[in-house]
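Colleague: Provided herewith is a single structure, encoded as structure tokens, for subsequent inquiry.
The values are calculated or read from the model by the stated rules, or taken from the named source; none is laboratory data. The structure displayed is predicted, hence computed values, not measured ones. Positions of Cβ are generated from backbone atoms using ideal geometry, with glycine treated the same way; all protein chains shown enter the neighbour counts.
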Amino acid sequence: MIDRTSTQKRHPRNGGFSLIEIVLVFALIGILAVVLVQNVDGIFGAGQEDGAKMWVTATAKVPLTMYKKDIGTYPTSEEGLRALVTAPAGKAGRWRGPYMEQLPNDPWNTPYNYRFPGSNNPRGYDIWSSGPDLQSGTADDIGNWQTGGSQ
């Protein structure tokens, strides 16, 4: 007679994952996703601020300087940056633009702000982005006066 109990291998589990193991894996994936999203947002947020800073300190300087060379002064606050795209009233004879194809928005999709004469650059112009909070006059504004000002 053959003893079947001695020849059979006992398998306490037949494979697969328990519900607790599956829940733990999904929880870990969720935690990793949250950490990744927070880090990516920080990376892209810094890139947006750098882009706005570059535009207000360097990119806008060239067309504004060309405008001043042709007209004799920077656009007034009322004329704004639009004067770089279309000739302001009464200045069409000296205006040699357009100095820009179109006016860009800042990285938060709002127009850049402009003032001449500047409050922060009394001998030049102020140009700034309202920053991530979209409110002008707050601590997160990004302006040309923060890195040396205008000419």
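Colleague: When you scan the range 110-125, how many residues do you find that are more than 16 Å from Val62 (Cβ to Cβ) and touching a helix residue (DSSP H, G or I) at 6+ places or on another chain (Cβ under 6 Å)?
Modeller: 2
Colleague: Please determine, by comparing only the residues of the range 104-125 that are surrounded by 15 or more Cβ atoms within 10 Å (Cβ to Cβ) and either part of a strand (DSSP E or B) or among the aliphatic types (A, V, I, L, M) (or both), which one is farthest from the chain's Cα centre (by Cα).
Modeller: By that ranking, first place goes to Arg115.
Colleague: Which ones in the range 128-145 are crowded, with 16+ Cβ neighbours inside 10 Å and not β-branched (Val, Ile, Thr)?
Modeller: Restricting attention to the range 128-145, the residues satisfying the condition of being crowded, with 16+ Cβ neighbours inside 10 Å are 128-132, 141-145.
Once the filter is applied, which keeps residues that are crowded, with 16+ Cβ neighbours inside 10 Å and not β-branched (Val, Ile, Thr), the range 128-145 yields Trp128, Ser129, Ser130, Gly131, Pro132, Asp141, Gly143, Asn144, Trp145.
Colleague: Then there's this: Would you check which residues across the range 54-82 are in contact (Cβ under 8 Å) with a residue 40 or more places away in the chain and crowded, with 17+ Cβ neighbours inside 10 Å and list them?
Modeller: Trp55, Val56, Thr57, Ala60, Lys61, Leu64, Tyr74, Pro75, Leu81
Colleague: Would you say Glu101 is exposed (fewer than 12 other Cβ atoms within 10 Å of the Cβ) and modelled with pLDDT of 95 or more?
Modeller: Details: exposed (fewer than 12 other Cβ atoms within 10 Å of the Cβ): yes; modelled with pLDDT of 95 or more: no.
No, not satisfied.
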